[in-house]
Amino acid sequence: MTSIKNYNLNELKQIFLELGEKQYRAEQVFKWLYIDKANSFDEMTNLSIELRKKLKQNFEITEYTILKKQVSKDGTKKYLFRLSDKNTIETVLMEYKYGKSICVSTQIGCKMGCKFCASTGIGFVRNLTSAEIIEQILAVEKDENVKVSNVVFMGIGEPLDNYDNVVNAIRIINNQKGINIGARHMSISTSGLVPRIYNLADENIQCTLSISLHATNNKKRSSLMPINNLYSIEELIKACKYYIKKTNRRVSFEYALIKGENDTLDDAKGLIRLLKGMLCHVNLIQVNKIETRLFEKSNNENIINFRNYLNENGIVATIRRELGSDIEAACGQLRRSAATGNVLK
Ligand code: SAH
């Protein structure tokens with residue numbers, strides 16, 4: 001049975017019409033699901049018993065079981081959720097000065113094969129549904145009794161490889177009658193699925209596009225990220241320029257510094273050559289440890305010099321604060337199966 005959380009408000013209105021009901025019922029259900037966080041149709045007491053019965057016959061309500069919750073010394077929380085088919089995914093809640101940001105997974109496993117990322121190591125199982133993407137927000141908000149203000153599609157999986165479900169999830173999360181998080185408070189990160197970047201630009205959604213760049217020449221990028229064999233850096237940058245033109249939004253480039261691999265002055269010059277004059281921002285990340293491969297972090301002084309050099313040459317660059325690495329909740333450390341660490345729940 002399909003989850004009712006897979007439908008955006010317009011689709012729900014249509015469904016209610018087909019069920020012989022008034023359209024405004026869809027808004028009532030939307031409120032129950034996303035504001036009251038109801039877990040059953042029986043809680044929806046302003047619907048007739050008959051309508052509740054009809055809904056029960058046709059839909060389920062996605063709900064997660066928390067298998068594990070870990071808390072980092074910096075306050076970051078990582079959840080391991082069990083889905084209805086017994087697969088598991090991870091979700092991370094981070095605290096920033098401006099609010100709470102949630103990092104959601106979009107697939108069970110990942111096909112991309114990036115050499116430095118743990119999410120890809122144990123293979124790909126399936127796409128998450130829109131409901132399963134959204135439920136990560138609802139389950140965390142409920143568990144922590146908080147309101148999330150930002151969503152980053154930077155957990156397990158390649159969001160643009162699950163394009164339709166991710167875009168639909170954004171529309172549902174965005175809806176003012178529900179979770180009501182503005183598109184400008186959402187970031188989609190991609191390893192570089194060029195055709196989908198063009199599609200996203202044409203969607204008329206104002207979310208931030210983040211590109212996992214990590215290298216500035218094709219040989220090096222292809223050796224780290226196999227997707228680069230399919231779409232070169234030049235094609236990727238061209239797609240980003242199209243995204244900027246269509247949305248007027250600043251594109252963010254993620255660049256994980258790996259000692260001896262991509263952290264030299266030449267690499268910084270490569271970035272400047274590539275990005276000069278673009279409406280963009282570079283997010284420097286310390287490469288995080290993963291079990292399967294030993295990439296060493298660039299040293300702190302080098303990272304600061306790298307950032308300063310970019311800034312001095314007209315490229316806005318910041319160093320991303322490392323959060324949750326003690327519980328393997330940092331960039332590139334999420335996995336689709338139970339991780340190690342302290343079990344709190
Ligand atoms: N598949 C998408 C979404 C994942 S986002 C993408 O590739 O963008 C996760 C971010 O963390 C990406 O920018 C990814 O490149 C980065 N990342 C992966 N492994 C990392 C590691 N070991 N250290 C630091 N960043 C890493």
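Residues that are closer than 24 Å to VAL140 by Cβ, among the β-branched types (Val, Ile, Thr) and modelled with pLDDT of 95 or more are absent from segment 238-250 altogether.
Of the residues that make up segment 87-103, is at least one acidic (Asp, Glu), within 18 Å of GLY324 (Cβ to Cβ), more than 10 Å from the ligand (Cβ to nearest atom) and not in a loop (DSSP other than H, G, I, E, B)? Yes, because at least one residue in segment 87-103 is acidic (Asp, Glu), within 18 Å of GLY324 (Cβ to Cβ), more than 10 Å from the ligand (Cβ to nearest atom) and not in a loop (DSSP other than H, G, I, E, B). Scanning segment 104-136 for residues that are within 9 Å of the ligand (Cβ to nearest atom), in a helix (DSSP H, G or I) and under 18 Å from ARG82 (Cα atoms) yields a count of 1.
Considering only residues in segment 177-214 that are within 12 Å of the ligand (Cβ to nearest atom), of a type in the set (A, V, I, L, M, F, W, C) and not in a loop (DSSP other than H, G, I, E, B), the one that is nearest to TYR242 (Cα to Cα) turns out to be ILE197.
Scanning segment 250-288 for residues that are in contact (Cβ under 8 Å) with a residue 40 or more places away in the chain, within 10 Å of the ligand (Cβ to nearest atom) and in a strand (DSSP E or B) yields SER252, PHE253, GLU254, TYR255, ALA256, LEU257, ILE258, ASN283, ILE285. If the condition is being under 21 Å from SER232 (Cα atoms) and surrounded by fewer than 22 Cβ atoms within 10 Å (Cβ to Cβ), then segment 163-190 contributes only TYR163.
Taken over segment 68-102, the criterion of being within 18 Å of ASN39 (Cα to Cα) and not hydroxyl-bearing (Ser, Thr, Tyr) is satisfied by PHE81, ARG82, LEU83, ASP85.
Taking the criterion of being in contact (Cβ under 8 Å) with a residue 60 or more places away in the chain and buried (at least 22 other Cβ atoms within 10 Å of the Cβ), the residues of segment 117-133 that qualify are CYS117, ALA118, SER119, SER130, ALA131, GLU132.
Does at least one position in segment 289-299 carry a residue that is at pLDDT below 90, of a type in the set (Val, Ile, Thr) and part of a loop (DSSP other than H, G, I, E, B)? Yes: segment 289-299 contains one or more residues that are at pLDDT below 90, of a type in the set (Val, Ile, Thr) and part of a loop (DSSP other than H, G, I, E, B). Go through the residues of segment 311-333 one by one and say whether even a single one is modelled with pLDDT of 95 or more, within 16 Å of the ligand (Cβ to nearest atom), surrounded by 13 or more Cβ atoms within 10 Å (Cβ to Cβ) and in a helix (DSSP H, G or I). Looking through segment 311-333, none of the residues is modelled with pLDDT of 95 or more, within 16 Å of the ligand (Cβ to nearest atom), surrounded by 13 or more Cβ atoms within 10 Å (Cβ to Cβ) and in a helix (DSSP H, G or I). Remark: pairs (first residue in segment 312-329, free of Cβ contacts under 8 Å to residues at least 60 places away in the same chain; second residue crowded, with 21+ Cβ neighbours inside 10 Å and in a loop (DSSP other than H, G, I, E, B); Cβ separation under 6 Å; 6+ apart in sequence or on different chains) = GLU322/ALA330. Evaluate the following for ILE156: is it in contact (Cβ under 8 Å) with a residue 60 or more places away in the chain, in contact with a strand residue (DSSP E or B) (Cβ under 7 Å, 6 or more places away or on another chain), within 13 Å of PHE81 (Cα to Cα) and within 16 Å of the ligand (Cβ to nearest atom)? Taking the combined requirement at face value, the residue satisfies it. When LEU230, LEU193, LEU236, LEU209 are checked against the criterion of being farther than 24 Å from THR129 by Cβ, crowded, with 19+ Cβ neighbours inside 10 Å and not charged (D, E, K, R), LEU236 stands alone in meeting it.
Does GLU11 qualify as being out of contact with any strand residue (DSSP E or B) (no Cβ under 7 Å at 6 or more places or on another chain) and of a type in the set (Asp, Glu)? Answer is yes for this residue. Could you tell me whether segment 224-245 includes any residue that is touching a residue at least 40 places away in the same chain (Cβ under 8 Å) and at positive phi? Looking for residues that are touching a residue at least 40 places away in the same chain (Cβ under 8 Å) and at positive phi, one finds none in segment 224-245, hence no.
Among residues belonging to segment 58-87 that are crowded, with 18+ Cβ neighbours inside 10 Å, farther than 19 Å from ALA330 by Cβ and of a type in the set (Val, Ile, Thr), point out the one that is modelled with the highest pLDDT. Among those residues, the one meeting the criterion is ILE61. Residues in segment 178-213 that are among the small types (Gly, Ala, Ser) and in contact (Cβ under 8 Å) with a residue 60 or more places away in the chain: GLY178, SER187, SER189, SER191, SER210, SER212.
The values are calculated or read from the model by the stated rules, or taken from the named source; none is laboratory data. Keep in mind that what you see is a predicted model, and the values were worked out from it rather than measured. Virtual Cβ from ideal backbone geometry, glycine too; neighbours counted across all protein chains shown.
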